[in-house]
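The values are calculated or read from the model by the stated rules, or taken from the named source; none is laboratory data. Fair warning: this is a prediction, and the values are worked out from it, not measured in the lab. Backbone-built Cβ (ideal geometry, glycine too); neighbour counts: all protein chains shown.
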Amino acid sequence: MEIVRRAHSMREISRQARAAGKRIGFVPTMGALHEGHLSLIRRVKAVSDVVVVSVFVNPTQFGPGEDFDRYPRDLARDADKCIGEGVNWLFAPEPEEIYPPGACTFVEVAELSARLEGASRPGHFRGVTTVVLKLLETVRPQTVAFGQKDAQQAIIVQRMVRDLVLDVEVLVLPIVRDKDKLALSSRNVNLSREERLAASAVPRALAAAEEVIASGERDPEAVAQRVRGVLEAEPLLRVDYVALVDTARLQPVPTLDGEVLLAVAVWAGRTRLIDNTVVRV
Ligand code: AMP
C-alpha cells in the first residue's frame, strides 16, 4: 500500500487506474480508524478493483472551540489497519493540498444542512460537503461509502451528488457497535472510564424508543420523552437534541408514520456523541 500525500499524485494514480479499466472504491475518513471504518472498506473492496481510503481531519467542518485540536490522529496505526484490509492507496493530504491559501469557495446543501447537527454546529455541513466534493474530484471513484452512523451527513452527501449530477455511486452502510451497543466513533477514545460507561445509555435510549413504538406509541413527543428519560438518568450525559424527523427533509414528524429517523446528540463531558436509528412504522 502506498501513502499518498499530494493531491496531484492522487489524481494521477486515479487517472491511471481508470485508464486501466479499474473500478475505484473510496472511503473518506478523518482517521483513528475503527471497525466501523473497516466495515466500509470491506464493503467497498467487494465491489471495486482498487480501494482508496482518505484520512483527513477537515478543518472547515469544525467550528471555533470544537475539538479539531483534540481530534485523535495516528496515521501509522491507520496505515497498518489499511494494509490489513488490502487497501491500495491511503490518501493523507496536508490541509494546504485541499485548501489552497485564501480558498473561499464552498458548496452547501441548503436547508438540510441547517437541521439537527447543523443547528448545533453551524457551518459543519458546509465544511463536510466542500471537502467531500474536493475528495471525490481528486480520487474520482465509481463508488464511495459513508456510514449510517452519521445519518444526516449521508443524506446530505446523497443530495449533493444528486443535485450536482456527480457520477458516483453512494453506499450508506450500517452502524457498527461495541459490545454494549455504543456506536463506534473515533471520539470514544476521548471518553473517561466513567463517561464511557454512561455513554451506553445512548443505545439503550434508542432501544427504549423502538420498544415503545413497537408497542403502539405513535406520538413523536412521547417517544422523545422516553429517550430523554433514559439519557437524563445518566448524570454524566447532557442531552443536546432528541429528534424524530422524516428522512427526506429532516423535518419533525407530526405523527410516527412510514420511515422516521430518530437522531440523538449528547455531551459526555467535553465529548459530543451522536447516534440514530431509522424506525419503519
Ligand atoms: P469519520 O472518520 O468519523 O469522519 O467517519 C468516516 C466514515 O465512517 C463516515 O462515513 C462515518 O459515517 C463512518 N463511520 C463512523 N463510525 C461508524 C460506525 N460506528 N459504523 C459505521 N460507519 C461508521
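Whether a residue is at pLDDT 95 or above, more than 16 Å from the ligand (Cβ to nearest atom), under 23 Å from GLY118 (Cα atoms) and not polar (S, T, N, Q) was assessed, and PRO254 passes this test. In the range 141-150 there is at least one residue matching the filter, namely being more than 16 Å from the ligand (Cβ to nearest atom) and closer than 30 Å to ASP246 by Cα.
Among the residues of the range 148-161, not a single one is surrounded by 16 or more Cβ atoms within 10 Å (Cβ to Cβ), of a type in the set (Lys, Arg) and on the phi > 0 side of the Ramachandran plot.
The lone criterion from (1) at positive phi; (2) surrounded by fewer than 17 Cβ atoms within 10 Å (Cβ to Cβ) left unmet by ASP246 is number (1).
Selection within the range 162-180: residues that are closer than 26 Å to GLU232 by Cβ and within 8 Å of the ligand (Cβ to nearest atom). The member of this set that is surrounded by the most Cβ atoms within 10 Å (Cβ to Cβ) is ILE175. Criterion first (acidic (Asp, Glu), part of a loop (DSSP other than H, G, I, E, B) and within 30 Å of VAL144 (Cβ to Cβ)) does ASP167 satisfy it? So ASP167 fits the description; yes. Residue check, THR247 against (1) under 30 Å from ARG18 (Cβ atoms); (2) within 16 Å of the ligand (Cβ to nearest atom); (3) among the β-branched types (Val, Ile, Thr), all met but one. Which one? Evaluating THR247 over (1) under 30 Å from ARG18 (Cβ atoms); (2) within 16 Å of the ligand (Cβ to nearest atom); (3) among the β-branched types (Val, Ile, Thr) leaves (1) as the failure. Which of the residues that make up the range 151-161 are within 13 Å of the ligand (Cβ to nearest atom) and of a type in the set (A, V, I, L, M, F, W, C)? Passing the criteria: ALA151, ALA154, ILE155, ILE156, VAL157. For the range 35-52, the candidate set comprises residues that are surrounded by fewer than 17 Cβ atoms within 10 Å (Cβ to Cβ) and within 14 Å of the ligand (Cβ to nearest atom); within that set, the residue that is farthest from the chain's Cα centre (by Cα) is ARG42.
Taking the listed residues VAL165, VAL144, VAL170, the one that is touching a residue at least 60 places away in the same chain (Cβ under 8 Å) and β-branched (Val, Ile, Thr) is VAL144, with no other qualifying.
Scanning the range 100-115 turns up no residue that is closer than 19 Å to LEU135 by Cα and in contact with a strand residue (DSSP E or B) (Cβ under 9 Å, 6 or more places away or on another chain). The residues in the range 181-223 that are crowded, with 20+ Cβ neighbours inside 10 Å, away from the ligand (no atom under 16 Å from the Cβ) and assigned to a loop (DSSP other than H, G, I, E, B) can be counted, and the count is 0. In the range 257-275, of all residues being surrounded by fewer than 19 Cβ atoms within 10 Å (Cβ to Cβ) and without any contact (Cβ under 8 Å) to a residue 60 or more places away in the chain, the one that is nearest to GLY65 (Cα to Cα) corresponds to TRP267. Looking at GLY31, GLY63, just one residue is under 25 Å from PHE106 (Cβ atoms), touching a Ser or Thr at 6+ places or on another chain (Cβ under 9 Å) and either away from the ligand (no atom under 16 Å from the Cβ) or touching a residue at least 40 places away in the same chain (Cβ under 8 Å) (or both), and that residue is GLY31. Scanning the range 129-147 for residues that are touching an Asp or Glu at 6+ places or on another chain (Cβ under 6 Å) and either surrounded by fewer than 17 Cβ atoms within 10 Å (Cβ to Cβ) or part of a loop (DSSP other than H, G, I, E, B) (or both) turns up nothing.
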